[in-house]
């Protein structure tokens, strides 16, 4: 009994990785951005591998690096759970089933793509993807509003919109700029907080001496 429990505990993380990556690979529709809510549901909501803040950081770095974002997310989450073996299991289980299904169904779709029923089915999926992206965006906005405050959340949101939609700045460069600002902001805040924290014990000591 104990031996079986040890084996189950040893392979349980791989089981979670396999099922999570299978679901994201099979049910993901609409490319990289549309599949991100599925990754968030598996990693944050279902298995609690990471929290929302860490997931946002992973997503930011995945957007900066070259290549498909879904593949990078699967590799990182697998590595996060079980190192290099977990990364290999994650990327294979995420890519292979959908690749095989795509090859098998491509011939069928080529024949039926002019069917109004098939076109209607494809069109019906788009609102679902939009809702999933909207829910995830709302969660991130709520986190930003709570962490930065309402004013700064709006300011950074407007800056991001202008740089992405009007200036047409690359999203990876924008993420790097925000990360650079965040590191500078945190270092300045820590420096400003040190004098006040060092004064507090001296005031207490004065009160104690009186």
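Please treat every number below as a calculation from the coordinates, not as lab data. No experiment lies behind these values; they were computed from the predicted model shown. No Cβ is skipped: glycine too gets one built from the backbone with ideal geometry, and neighbour counts run over all protein chains shown.
I'd like to compare 51-64, 115-128, 165-178: which one has the highest average count of other Cβ atoms within 10 Å, and what's the full order after that?
Details: 51-64: 16.6, 115-128: 10.5, 165-178: 12.6.
The peptides rank, most packed first, as 51-64, 165-178, 115-128.
Given all pairs of different Cα atoms, what value in angstroms does the Kirkwood hydrodynamic radius of segment 1-133 take? Don't skip to the answer; put the middle values down first.
Details: mean 1/r = 0.0618 Å⁻¹.
By the Kirkwood definition, the hydrodynamic radius is 16.2 Å.
Full extension of the segment from residue 181 to residue 88, taken as 0.36 nm per residue of separation minus the current Cα-Cα distance, would add 30.1 nm.
Scoring 101-110, 136-145 by mean Cβ neighbours within 10 Å over their residues and listing the highest first yields 136-145, 101-110.
Full extension of the chain segment joining residue 12 with residue 100 gains 29.1 nm, where the gain is 0.36 nm per residue of separation less the Cα-Cα distance. Considering segment 9-84 at the alpha-carbon level, its Rg and Dmax are found to be 11.7, 35 Å. Any idea what diffusion coefficient segment 71-185 gets from Stokes-Einstein, in µm²/s, Kirkwood Rh on alpha carbon pairs, 10 °C, 1.306 mPa s? Rounded, D is 87 µm²/s.
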